[in-house]
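What follows draws every value from the coordinates through simple rules; no lab data is involved. The model shown is predicted, which means the values in this text are computed figures rather than measured ones. Every residue, glycine as well, gets a Cβ built from its backbone with ideal geometry; the counts of neighbours run over all protein chains shown.
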């Protein structure tokens, strides 16, 4: 983790209530990896006091783009040429094993945006990629590379679960429970390492010191900011059976 003072080059609505903040930040662009996030604040004020979580969306040369909620004070206030104070990179990057040739991404609502960077990275590494959006009829598919196969689903698709070598999901606890149940039904058991999920909760400090982002897992209490934000679905869901 390092502090970066980055100049805003663009601030606009990406989709629905998702805002896109783009920075001219060569060093930061080289440091970030899909699945990671940054903690941001206005460099000129402590209002709001707490840093905001911004999720990596894309890296294009020296420019790096993050998403956050459009109603967030930082999104409303930031203008082109403004300086934003970023702590990054935060969290663990998403990586796939050599056997993960077919990757299924499952998104729910606007949380689907957290999957875009990783889906494009998987395509760049010659993997087959499917993005399934749950109850998200208006998803802007023009945001996706043509190589990504897009599905709009009402629920978790068992055929896609059977097809996949690896799964990354971003959504609610209800989605994760449904996903775990479908995997057990389709593949007979939920194996460690097969499915991973974003835990999207407040991440105020980025160090685990405040304990606000504690997550109960089968391996004990973990912190989303330093141990996540991606967790194995096996560890996250099987805690219910303890």
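Observations, loosely collected:
- Working from Cα pairs under 8 Å separated by at least six residues, relative contact order for the chain is 17 percent.
- Full extension of the segment from residue 126 to residue 82, taken as 0.36 nm per residue of separation minus the current Cα-Cα distance, would add 12.1 nm.
- Multiplying the residue separation of residue 145 and residue 46 by 0.36 nm and subtracting their alpha-carbon distance yields 31.8 nm.
- Where (1) 0.93; (2) 0.98; (3) 0.96 are the candidate values, the label of the one calculated here for Rg/Rh (Cα atoms, Kirkwood Rh) is (3).
- For the pair residue 173 and residue 202 in one chain, pulling the backbone fully straight at 0.36 nm per residue adds 8.9 nm over the alpha carbon distance.
- Across the range 2-90, Cα pairs under 8 Å and at least six residues apart give a relative contact order of 43 percent.
- Relative contact order of the range 107-242, pairs being alpha-carbon contacts under 8 Å that are 6 or more residues apart, as %: 19
- Shown for 21, 5, 28: other C-beta atoms within 10 Å of each C-beta, ranked fewest to most, produce the order 5, 28, 21.
- Computed label-point distance, nm, for sites residue 211 and residue 165 using a 7 Å Cα→Cβ extension: 4.2
- Rounded to 10°, Cα long-axis angle of helix 173-187 versus longest principal axis of the chain: 30
- Rounded to 5, the percent of DSSP beta bridges in the range 102-241 classed as antiparallel: 25
- Exposure proxy order (Cβ contacts within 10 Å, fewest to most) of 213, 6: 213, 6
- Which of 13, 148, 201, 106 has the fewest Cβ neighbours within 10 Å, and the rest in rising order: 13, 201, 148, 106
- Once the C-beta distance of residue 218 and residue 16 is scaled by a Förster radius of 35 Å, the resulting FRET efficiency is 0.55 to the nearest 0.05.
- Here is how the number arises for the chain: DSSP H runs of 4 or more residues each give -39500 (n - 2.57), the sum is divided by the residue count, and the result at 222 nm is -5000 deg cm²/dmol.
- Remark: spin-label model distance residue 152-residue 9 equals 3.3 nm, labels positioned 7 Å along the Cα→Cβ axis.
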